[in-house]
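> Quick one: this structure, given as structure tokens, is what I'll be asking you about.
The values are calculated or read from the model by the stated rules, or taken from the named source; none is laboratory data. Given the structure is predicted, the values throughout are model-derived calculations rather than measurements. Glycine gets a Cβ as well: all are built from the backbone with ideal geometry, and neighbour counts include every protein chain shown.
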Amino acid sequence: MDEIDIYANVEEPLGGHIKWKREMNRSSNIYENKDVSYAVEQNRVGPALSGVAGSKTVKTISYRAAAVILGLLCLLLLVGLITLGFLHKDRTELEMEMEMVQLQTSHKNLTKENDQLQTSFKNLTKENDQLQTSFKNLTKENDQLQTSYSILTKDRDQLQKILENRTNEQNNPQESRNDCQQRGVDLVIINSAKEQDFIRSWRKRMWIGLNDREVEGTWRWVDGTPVLTATRFWGTSEPNDAKGTEDCAEIYNYESQNSWNDAPCEIQKHWICELRLK
């Protein structure tokens, strides 16, 4: 453009020549522009083609990287699964060992409790056998007591009947004893304070089975046994053997526990018989 302006300033009167030169210059500019455009097109074609190839390369690299990463992830997952498997196996074995220890402990405890129960059962069985034996013995004793009670009741009734029949009768000591012996009993022998009180409760003067006919001053019961000091119930100043003829004993002052008196054996009085158990 600078060259066109120079020619225009120098040869302005040559209008046609200048116009031609301008047209030539325009034509050359057009070709120059075309060349430039072609060059530009050539330059554009090169980078464009290289970009397409680069894009394919990048995609290939990306796929490979993704495959590698995926493979690594799979490998890590596999390692994790294997590790979890070992951990689970170890944990399972540990739990099984703990359960085994607990089961063994429970077995020992149950065995101990079973032994204790067996011992308790044996002791209870032994005690039960002892109780059964005691029960049998008690049952036997009860039967014996029932038998004895029946016999005593029968004897009591018999004695009561004898006493009732003889309440108003009187005899001397020998005849009284004969009557008792005919009935399978004998004149009463007093061996305790309770027996003494029972006989006094009849509130009658009556003969008892005591005399000193064989040896004066030695008083014996009708069965030959001597009078014991603890069971002597003589009245005051008795026995005194008044006039030397008092050899038989009687219940005299029945209001007092010490109510025995010695009297002549020919006198008739009430008497009381006794059934002595063997």
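> Would a scan of the range 215-222 turn up a residue that is closer than 29 Å to ASP155 by Cβ and either aliphatic (A, V, I, L, M) or exposed (fewer than 13 other Cβ atoms within 10 Å of the Cβ) (or both)?
yes
> If I filter the range 125-173 down to residues being at pLDDT 90 or above and charged (D, E, K, R), which single residue comes out as farthest from the chain's Cα centre (by Cα)?
Only one residue tops the list, namely ASP143.
> Go through the residues of the range 184-195 one by one and say whether even a single one is closer than 17 Å to TYR254 by Cα, more than 60 Å from the chain's Cα centre (by Cα) and hydroxyl-bearing (Ser, Thr, Tyr).
No, the range 184-195 contains no residue that is closer than 17 Å to TYR254 by Cα, more than 60 Å from the chain's Cα centre (by Cα) and hydroxyl-bearing (Ser, Thr, Tyr).
A quick yes/no check of all residues on (1) surrounded by fewer than 18 Cβ atoms within 10 Å (Cβ to Cβ); (2) among the hydroxyl-bearing types (Ser, Thr, Tyr):
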{"position": "GLU195", "(1), (2)": "yes, no"}
{"position": "SER201", "(1), (2)": "yes, yes"}
{"position": "ASP212", "(1), (2)": "no, no"}
{"position": "THR225", "(1), (2)": "yes, yes"}
{"position": "LEU228", "(1), (2)": "yes, no"}
{"position": "GLY235", "(1), (2)": "yes, no"}
{"position": "GLU238", "(1), (2)": "no, no"}
{"position": "GLU250", "(1), (2)": "no, no"}
{"position": "LYS269", "(1), (2)": "no, no"}
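> So, of the residues in the range 241-254 that are free of Cβ contacts under 8 Å to residues at least 24 places away in the same chain and not in a strand (DSSP E or B), which turns out to be nearest to MET206 (Cα to Cα)?
ASN253
> When you scan the range 176-193, how many residues do you find that are part of a helix (DSSP H, G or I) and either among the β-branched types (Val, Ile, Thr) or crowded, with 17+ Cβ neighbours inside 10 Å (or both)?
Counting residues in the range 176-193 that are part of a helix (DSSP H, G or I) and either among the β-branched types (Val, Ile, Thr) or crowded, with 17+ Cβ neighbours inside 10 Å (or both) gives 4.
> Working only within the range 212-240, note down all residues that are in a strand (DSSP E or B) and modelled with pLDDT under 90.
Passing the criteria: none in range.
> Of the numbered conditions (1) within 19 Å of ALA193 (Cα to Cα); (2) assigned to a loop (DSSP other than H, G, I, E, B), ILE267 fails exactly one; give the number of that condition.
Every condition holds for ILE267 apart from (1).
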